[in-house]
There are 2 protein chains.
Amino acid sequence: MSFSKSRILGCVFVFCAPALAQIQNQAEDGQWPMAAKNFASTRFSALDQINAANVGTLKVAWTFSTGLTRGQEAAPLVVNNTMYVVTPWPNLLYALDLTQPGAPVKWTYSPHPSASAQGVACCDVVNRGAAYFNGRIYYNTLDMHTVAVDAVTGKEVWKTTLGDINSGESMTMAPLVAKGRVIVGNSGGELGVRGWLAGLDAATGAIAWRAYAAGPDKDVLIGPNFKPFYQADRAEDLGTKTWPGESWKIGGGGGWGWISYDPDLDLIYYGTANPGPWNSEQRPGDNKWTCTLFARRPENGEAIWAYQLNPHDEQDYDGVNENILVDLTIGGRLRKVLLHPDRNARMYVIDRATGEVLSAEPFAHQNTTESVDLKTGRIKTVPAKGTGFKTVRDICPAAPGGKDWQPSSFSPQTGLMYIPHNNLCMEFEGVQANYIAGTPYVGANVRMYPGPGGHRGEVSAWDPVNAKTIWTAKEMFPAWSGTVVTAGGLLFYGTMDGWFKAVDARNGRLLWQFKTGSGIIGQPVTYKGPDGKQYMAVLSGVGGWAGAVVSGGLNAKDGTAALGFANAMADLPKYTTKGGTLYVFSLP
Amino acid sequence: MSFSKSRILGCVFVFCAPALAQIQNQAEDGQWPMAAKNFASTRFSALDQINAANVGTLKVAWTFSTGLTRGQEAAPLVVNNTMYVVTPWPNLLYALDLTQPGAPVKWTYSPHPSASAQGVACCDVVNRGAAYFNGRIYYNTLDMHTVAVDAVTGKEVWKTTLGDINSGESMTMAPLVAKGRVIVGNSGGELGVRGWLAGLDAATGAIAWRAYAAGPDKDVLIGPNFKPFYQADRAEDLGTKTWPGESWKIGGGGGWGWISYDPDLDLIYYGTANPGPWNSEQRPGDNKWTCTLFARRPENGEAIWAYQLNPHDEQDYDGVNENILVDLTIGGRLRKVLLHPDRNARMYVIDRATGEVLSAEPFAHQNTTESVDLKTGRIKTVPAKGTGFKTVRDICPAAPGGKDWQPSSFSPQTGLMYIPHNNLCMEFEGVQANYIAGTPYVGANVRMYPGPGGHRGEVSAWDPVNAKTIWTAKEMFPAWSGTVVTAGGLLFYGTMDGWFKAVDARNGRLLWQFKTGSGIIGQPVTYKGPDGKQYMAVLSGVGGWAGAVVSGGLNAKDGTAALGFANAMADLPKYTTKGGTLYVFSLP
C-alpha cells in the first residue's frame, strides 16, 4: 500500500480536527502523555530529527537508575518538560526535570503497596506505566489501587481501592484516561480471579462503573445498546450460560492489557484475558466473555459491541493485546478499523464501528487454528492441538501467544504495523486445578521451547491492508519490548539480551544498536526536549513473564517454572543480568 | 614542581627496569590488572588517546548491569581483553568479553557467601575489587573467604576460610598479589574484631602468615628485623602494653584498606584501622598497632618498620588509606617516598625505606591536630577535640576522616596527587560500649554535618614536594569515588549524585561530565580495547558508608544512623537512587 492510502486517527498530523482538543490528541507536540502515545495507540511520533542518515551517531544523553531490579515494562511519560517513570513493585513514581542537566529527580511518590502483592503477581511484579491527564499522573499499584498524583508537586490527590490481593488480584496495566474516566483493569487469571474493567472519575477517584468479563449481562454492562456483529455473541447472559455452574465467578478474563479510544465514535476498545483454569476440560463452553474484544462507552462502560476471539480458549490465548486505531482503505472502501495482533498469532483487522472482522491472517507461526470465518466470526480450531486432561505436544504458539502484551506501533508513512512478537511452542499437560483463593489456579504443566528456526523472537512489519508480512527481523529471545516508529523512518525496539535497536522502518535493516545494562522489556518512547532536540528513552531491566527466570531468580532446571516459560529461557541468565535503568539517547 | 623532578615507581614508563617483569609492572600495556593499576598504586595510565581536546566528545560505549543495587565500590579489572567485575554481596564475579560487541558475559562465578555476612558489615556490603595474577582472579567475600578463580574458565581454584562472621569479621578490601602471596585483611573495627593482614599462597590458598595489628610481638610479626624510625614505636610487646588489660583482643585495627608494594625494597605498605571502641576513654594508651603504617615483607609478613599515625585515636581515624609509591626530590635529595593521605586530614610524605616522616601537612579542613613533630614522629592533638564520656562538638574532620578509603591517583606528568576527599565535621557523644561478639562495639553517638563552606566533598590536587594544595574542586557530597589520571592530561572521578567527570589535571577545570544512573562510589579505570581504542570504565551504584542512607534504605531522620553519617546525607535520596551498572566510555 502507498502512504496516501492510509490515514491515522488521533492527530499525529497537524491537520487534525480541532474537535480532538485534549492533550492526548494534540498535533505532535513532542510529548508522550500516555503509554501508547495517543488514544489511537499508534506509538508513532512525527519527530524526525533522528533519521536513517544520522541514527548511527545516536548516543546516550543521560541515564537514571530506578533502584529496583525487577522487570521494567513501563513506558516513561513526557509532559511539560518532565519525565514520569513508574517502577515495578513497590511502584514508585519518579518525576525527572528535563530542563536541568542530567534530569535530576524533582520528586518521588510512593504509594507504599503491600509487600504481599508480590505473592499474587503471576508473572513478575511489573507495571506498564501511567497516564497523564489534566495536571495529574494516574497509575495502578500491584496491590489493587489506582492513584492520582499531582504532576507538579508529586502529592497524592486520591487513591482508590479496586480489589483485594487476598483474592489473587493484582494490577499491572497502564490506565487510559478518556472522557474524564480513568480506565483500569485487573490481573489474576492464573489465580481464579474474576476479571473486570473499571472507569473511575478522574477528579475524585470514585468508581463510576465496573464491567466484568463474565457473569450476567448486568455485570458485564450489556444492555439495550449492545449490538455485536456476529450471531454467536448475541444472546442473553452468555457470560453465565457458557460456563459450567458458577465457574464464571472464578473464571478469569482480566482487563490487564491495552485500551484504545476513538473520540469520534466515543468508544474504548480492549480485550479480555484468558479463562481460568488453563485446563479447558474443567470449563466446557465458550466461556464468554473471556478472550473477547469489547467496544464500550468510556463514561458509563456500557458495551456497544463484542467479539469473542477465542471461544473456549484452550491455550491461554488472552485477548488483551493492543488495538491500533487507523482508517484504511480496504476493498476500495475507507474503513475505520482496529488492528489487533492476538495471542493466537492472527492479526485481526476489525471494523471498529461494528465489530466486523475484515481479515484475521497469521502474523506468526501457529498450528492451533485453521481459519477465521469472516461470515460467522468463528475461529476454526485444530482439535489435535486442543488441551484437557491429556498431554499435547507441539502447540504453536505457546501460552504467551504469537505475541503477548508487548505493544506494536503503526507508521502512517509506511502504512505498516510493527509487531514485536514471539516464536514459541509448548507441550501442555492438563491436570486438575483446585480453587483456593489467592493461589495458582492453572491446571496445567507446561514446557515451552523455541518455534521453527530455533529463534524465540521476531519483529515483523505487517501490511494490514493486504494482510501480509513485509519483513521480519529475527531475535534470539522473544521480542518482549514495545516498538516505536518515527517520522524519521526509524523503528526502535529492545531485546532481552540488552540491545536497543534502530532499524529502517521500510525494510528492517539494522542501522544502530546500543548495549544497555540489562535485557529490555520496556516500551521505548521519543520526545522533544526543552533544548529542541529529539530524544529516545527506554527502560532496561529484564523480567516479566518471559524474563522471570532472571528477575525472579527462578531455577531454570524446573522447566515448568514461570508457567513453563522458564523451559524456553534457561539460557537467558547467560545473556543478561537483572537491572533497572532508564537510558535516554540523542544525537551528539 | 616540574615534571622532571618526579619519577614514578611501578613501570608506567616504558623505560622501566626489566627486573619488574610481572604483569603488574609491565610497561603500559593498556590493562588494569589490580584495583590500584600497579604496585605503586598510582592509578596513572599512560594511555593518552582521550585528552583535553577531545574528551568533550566522550560517549557511552556500552553498559552492564550487575543486577545488584548495594554500593558498588569495586575497580573493574581488564586483562587479556576480558573485564572482571566484582559485585557487593553476594560477591559475584563477572567476566565480560571485550572482543565481542556489547561485551557479553563469558562466565559468572558465585562464591555463595553466607547471607548472614550482611549483618556484620558496618558500612554497606561493598567489595572493593579483585587482583589478577598468573591466570587467576583473586578476591574476598564478605563472609571471610578469599577465592582464586581461573581467569579463563571461571572455575574456582581454591577457597580459603579466613575467619568467622559470627565474631563480627567481614572482608571488603581488594587483595594485592606480591611475591606469590595473596595479601588480604579483615574489617570489623566497629564490632570488636581483632584486626589482621594475612598472606596466602597464591598457588594453593594456604595461609602463609597472619600479622595481627595488636597483641604480643609474635602475633604482630615483629621480630629482629623490625626497625621503626621513631623511638615511640620501639619497645617490646607494645601491642599489648599500650592497652588496658586484654582489650587488645577486641581492639580493632583491621586491614581493610589498600596495600602497595615496592619490588626493589621488597616491602609491602599498608595501614591498620581504628582501635575499638570509638569511645577512647575505654582504652587508655596508644593502642598500638592501630592507626599505624606498616612495612612488611610480602613472603613471610615480618614487620620491617611501623609508624603509628594516630596514637590513641579518638576520632575513628583509621590508617588504612592508600599509599602511593613515588620517588621525589625533596630538600635536594631523591627520596623513595610513600604518599599517604590520612583520615586525620594530613598528607604524609614518608621515606618508605625507613619510615621517616618528611612532611605531614593538612590537605583538608581539620581542627583535631596541631602538627606532627618530624623529629619524634608524634602527632600533637588538640585536647578540646578529644573524645570520651562526654559530648564534643565541631570535630573536624568527622569519623570518615579528611578522606576515607576512596583512592587518590598520582600523575608523573604534573607531579601532583589527586585526592578525592570529604569536608565533614561531627558531634561526638561518648557512651559505654559493651562487647558482645558480632554486634556493634562503638560507644559513641555521632552526628556528622558539612564542614566550612557547606559542601561535603572536594577533589584536590596536591603537590607532595612542596606540601600544598594546587587546586580544589568542590562537590556537594563527599567525593567517595576513586580518581584516575591519564597521560592525556585528564583526571576522572565520580560524584555521589551520579556525575562521571573529566577535569584538566593541571587546574581542575571541568571538561566533560555524564550523568550515570546512580551515585558513583566506584573506582574508575582506563584500558585499551582490542580495537586499539582507549576506554574509561566505572561502576555506578551509590552506597558504602557515605551512601548507606540510600543503599541501605536508612531513615535519615535518625541522624545517628550509619554511625552518624546519615545526619550529613539526609538529602542524598533526593539526588540519587540505588543502582548497580557499569558504564564504559570511549571517543566516537
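Structure above, values below:
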item	result
Residue in the range B:521-544 that is open to solvent by 40 Å² or more (accessible area, probe 1.4 Å), in contact with a strand residue (DSSP E or B) (Cβ under 9 Å, 6 or more places away or on another chain) and within 12 Å of chain A (Cβ to nearest Cβ) present	no
Residue check for B:Tyr132: modelled with pLDDT of 95 or more and either farther than 11 Å from B:Tyr84 by Cα or more than 14 Å from chain A (Cβ to nearest Cβ) (or both)	yes
Filter result for B:Val446 (over 30 Å from B:Asp29 (Cα atoms) and without any contact (Cβ under 8 Å) to a residue 60 or more places away in the chain)	no
Criterion: touching a residue at least 12 places away in the same chain (Cβ under 8 Å) and not polar (S, T, N, Q) - qualifying residue of B:Pro407, B:Pro383	B:Pro407
Check on B:Gly245, at positive phi and in a loop (DSSP other than H, G, I, E, B)	yes
Count of residues meeting criterion [in contact with a Gly (Cβ under 8 Å, 6 or more places away or on another chain), within 14 Å of chain A (Cβ to nearest Cβ), over 30 Å from B:Ile50 (Cα atoms) and among the hydrophobic types (A, V, I, L, M, F, W, C)] in the range B:549-588	2
Filter result for A:Gly508 (small (Gly, Ala, Ser) and either within 14 Å of chain B (Cβ to nearest Cβ) or open to solvent by 30 Å² or more (accessible area, probe 1.4 Å) (or both))	no
Per-region count, the range A:352-367, residues β-branched (Val, Ile, Thr) and surrounded by fewer than 22 Cβ atoms within 10 Å (Cβ to Cβ)	1
Which listed residue is among the hydroxyl-bearing types (Ser, Thr, Tyr), more than 14 Å from chain B (Cβ to nearest Cβ) and farther than 24 Å from A:Ser167 by Cα, from A:Tyr94, A:Tyr109, A:Tyr84	A:Tyr84
Count of the range A:406-429 residues which are assigned to a strand (DSSP E or B) and open to solvent by less than 10 Å² (accessible area, probe 1.4 Å)	13
Neighbours by Cβ (under 7 Å, 6+ apart or cross-chain): first from the range B:52-64, facing chain A (nearest Cβ under 7 Å) and at pLDDT below 95; second open to solvent by less than 50 Å² (accessible area, probe 1.4 Å) and not in a strand (DSSP E or B)	none
Unmet criterion (only one of (1) in contact with a Leu (Cβ under 8 Å, 6 or more places away or on another chain); (2) open to solvent by 10 Å² or more (accessible area, probe 1.4 Å)) for A:Thr376	(1)
Subset of the range A:162-193 [under 19 Å from the mean Cα position of the chain (by Cα) and outside any loop (DSSP other than H, G, I, E, B)]	A:Ser170, A:Leu176, A:Val177, A:Ala178, A:Val182, A:Ile183, A:Val184, A:Gly185, A:Ser187, A:Gly189, A:Glu190
Criterion (of a type in the set (Gly, Ala, Ser), buried (at least 24 other Cβ atoms within 10 Å of the Cβ) and within 10 Å of chain B (Cβ to nearest Cβ)) met by exactly one of A:Gly494, A:Gly482, A:Gly517	A:Gly517
Strands (runs of 3 or more DSSP E) wholly inside the range A:273-331 that include at least 3 residues being open to solvent by less than 10 Å² (accessible area, probe 1.4 Å) and in contact with a Pro (Cβ under 9 Å, 6 or more places away or on another chain)	A:303-308, A:324-330
Residues of the range B:14-46 classified as assigned to a loop (DSSP other than H, G, I, E, B) and modelled with pLDDT of 50 or more, total	16
Near pairs, Cβ below 7 angstrom, 6+ apart or cross-chain, from the range B:358-375 (over 11 Å from B:Tyr348 (Cα atoms)) to any residue that is open to solvent by 20 Å² or more (accessible area, probe 1.4 Å) and polar (S, T, N, Q)	B:Thr368/B:Thr381; B:Thr369/B:Thr381
Filtered residue count, the range B:65-81, keeping only those that are among the small types (Gly, Ala, Ser) and within 12 Å of chain A (Cβ to nearest Cβ)	2
Residue tally, condition of a type in the set (Asp, Glu), in contact with a Lys or Arg (Cβ under 8 Å, 6 or more places away or on another chain) and over 15 Å from A:Ala398 (Cα atoms), over the range A:306-353	2
Strands (runs of 3 or more DSSP E) (entirely within the range A:430-515) containing at least 2 residues that are modelled with pLDDT of 95 or more and either of a type in the set (S, T, N, Q) or over 21 Å from the mean Cα position of the chain (by Cα) (or both)	A:444-450, A:468-475, A:483-486, A:499-504, A:510-515
Residues (open to solvent by less than 40 Å² (accessible area, probe 1.4 Å) and β-branched (Val, Ile, Thr)) located in the range B:551-579	B:Thr576, B:Thr577
Pair list, Cβ < 8 Å and 6+ apart or interchain, from the range A:275-287 residues that are without any contact (Cβ under 8 Å) to a residue 60 or more places away in the chain to residues that are among the aliphatic types (A, V, I, L, M)	A:Asp286/A:Ala232; A:Asp286/A:Leu238
Residue ID - farthest from A:Asp150 (Cα to Cα), chosen from residues in the range A:191-242 that are open to solvent by 10 Å² or more (accessible area, probe 1.4 Å) and acidic (Asp, Glu)	A:Glu236
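This table checks each residue for (1) in contact with a Phe, Trp or Tyr (Cβ under 9 Å, 6 or more places away or on another chain); (2) modelled with pLDDT under 95; (3) charged (D, E, K, R).
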| residue | (1), (2), (3) |
| --- | --- |
| A:Leu98 | yes, no, no |
| A:Ala103 | yes, no, no |
| A:Gly119 | no, yes, no |
| A:Val126 | yes, no, no |
| A:Tyr138 | yes, no, no |
| A:Thr146 | yes, no, no |
| A:Glu156 | yes, no, yes |
| A:Thr172 | yes, no, no |
| A:Val177 | yes, no, no |
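Residue-wise test of (1) closer than 19 Å to B:Gly544 by Cα; (2) among the aliphatic types (A, V, I, L, M).
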position	(1), (2)
B:Pro407	yes, no
B:Gln413	no, no
B:Met426	yes, yes
B:Ala437	no, yes
B:Gly443	no, no
B:Arg447	yes, no
B:Pro452	no, no
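The values are calculated or read from the model by the stated rules, or taken from the named source; none is laboratory data. Since the model is a prediction, treat every value here as computed from it, not as a measurement. We place every Cβ from the backbone using ideal geometry, glycine too, and count neighbours over all the protein chains shown. Please note that ligands, DNA and RNA were not included when accessible areas were found on the heavy atoms of the full protein model with its side chains. Shrake-Rupley method; radii C 1.70, N 1.55, O 1.52, S 1.80 Å.
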